[in-house]
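Asker: Sharing a structure with you now.
What follows draws every value from the coordinates through simple rules; no lab data is involved. Source: prediction; values computed, not measured. Methodologically, a virtual Cβ is constructed for each residue, glycine included, from the backbone with ideal geometry; neighbour enumeration extends over all protein chains shown.
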Amino acid sequence: MQSARIPALSNQAWIGISLFVLGIWLAYELGNDIAANDLRTIGVVAFGIAGCVGATLILRNWRMGFYFFLVWLLFEDLARKYFGNGIALFFGKDILAALTYISLLVATRRGREKTFRIPFSLPLLLFVWLAAVQIFNQNSPSIVVGLLGFKLYFFYVPLIWVGYALIRNDEDLRKFLVANAALAGVISLLAIIQAILGHSFLNPTQLAPELQDLGELDKTTPISGQVFSLPTSVFVSAGRLSFYLIIATILSLGTTGYLLLYTKHSRKFVLIAMGLVGGAVLFSGARTAVVYSTASVLVFSVAFLWGAPWRQRQAHRMFKAVRRSFIAATLALGAILLLFPNEAGSRVAFYAETLLPSSSSYEVGNRGWDYPIGNLLSVFNGPNWIFGNGTGTASLGMQYVSKLLGRSIPQLGVEEGYASMIVEMGIIAPFLWVLWTAFLIYESWKVVNRLRGTRFFPIAFAILWYSFLLLFPFTYAGLAPYQNYVDNAYLWLLLGVLFRLPNLLLTTPAIAPSRQAGRRNGFEF
């Protein structure tokens, strides 16, 4: 027995010595940086250490490590703003995601986690096949462009299995939803503060050149001439913030409905987070966020009543969900208008002057139809629209390819989403895209319909609604939302959660046991 322990002790000793030497070296390097007042290098090192800790955590316990990845996903841009827009920082989240996939795969192979077959896998694989073939398109400037484009489309698809395995019971679902509400509340609060204080808050003195135009944008109302800044919060661009706020709005609405049917825990917290999200939508200065968040509230008001558990006499809780959502949003917006009339007023004026049909600067018709359709038709006046120019050639992130290759990349991109697909993969691409996304929505709808009348319906419908918005209206306007890593990661992660919910229903009653007991005893929670 003693001889068997010696190697283990020896290994632990070597690990300890290695960590000690590494610590001495890091202390020495950080000391030099502090003496030289090189705070950026110190920040990058600290961020790197945090990444190593997160990677270790993921490999040891992928569930706990997943939440580290989620925080990194949302706050990585903040590090890029302060520590330089380097490639290493940009791909940090992808390393953590890959480690999560590996850790989950190992746990699944050992029988510790459950998995499932994607019900729309065949049409999805057809689109994957086309994108893979187009990596090697002879019109592409480099295979690196194709590989990066392929990553933008499909790297986060495995998160569907992560979301499926993550949710084992109601408590796992509650923790996941409350964690997202907490993150949304923090990001929204920072956005509100930045909108009031200006770009100097939460931005370094000097942004990287490629981030300068994205992170310090101002807008002017077309009629009254009022100028206001567009907040970015923890992100590098106002556009990324606006689309995240749409996700946050939809998830907050679904979470509120679910908690009202399941438990009293965290309800007030989520309502506060929802109020902050509503305030951030107002201050965002983004018409997309305002229009789709408002539309989501209206759609949910109808959907919640349609999917309410009428048979269990719990429908009044769905009325409560709608009512409380309206109250939270109204109170938050009222407080903001009262406390910051000038800052909020300029944004309200911008929305009114560009969204109301009676306004001379009404832009919905142009932005909703004329511009995107014109953008789509313009593709057929250019070259290679039949066979395309290769995956990634009209995608986000080409500046990183230019840095990597040391040369400029031709700008082939167009704004309309289906036009971008034609530029990249030829005329067949939009048809294959519509095919797999239609199957996705159909299979998701089947799950939502199955969960109608249960406590899971509100969050299931929220996931369906977000998937529909991202894959159809958002894609029609532009491919950037789908390729945006935050939107893309949430799509696949939430789909995994959606397809897991029917399994939870098989193991637990449609209404939480505590509610049934409360009803029998003559009181309600």
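Asker: Give the relative contact order (percent, whole number) for region 114-520; include only Cα pairs under 8 Å separated by 6+ residues. Show your work: numbers first, answer last.
Answerer: Values: 599 pairs, mean separation 105.6, N = 407.
It comes to 26 percent, rounded to a whole number.
Asker: With the cut-off at 1.5 for a/c, could you classify region 114-520 from its C-alpha gyration tensor as rounded, prolate or oblate?
Answerer: Note, shape of region 114-520 comes out oblate.
Asker: About its Cα centre, what dipole magnitude does region 114-520 give when the only charges are +1 on Lys and Arg Cβ and -1 on Asp and Glu Cβ, stated in debye to the nearest 20?
Answerer: Values: 30 positive and 16 negative charges, 493 e Å.
It works out to roughly 2360 debye.
Asker: Convert each backbone phi in region 471-485 into a coupling constant with the Karplus relation 6.51 cos²θ - 1.76 cosθ + 1.60 (shift: θ = phi - 60°), then list the ³J(HN,Hα) values in order as whole Hz, x for Gly and Pro.
Answerer: Running phi through 6.51 cos²θ - 1.76 cosθ + 1.60 with θ = phi - 60° gives 8, 10, x, 5, 5, 4, 6, x, 7, 4, x, 5, 7, 4, 4 Hz.
Asker: Sticking with this one: Packing-wise, with mean Cβ within 10 Å as the measure, how do 223-233, 136-146 rank, highest first?
Answerer: 223-233, 136-146
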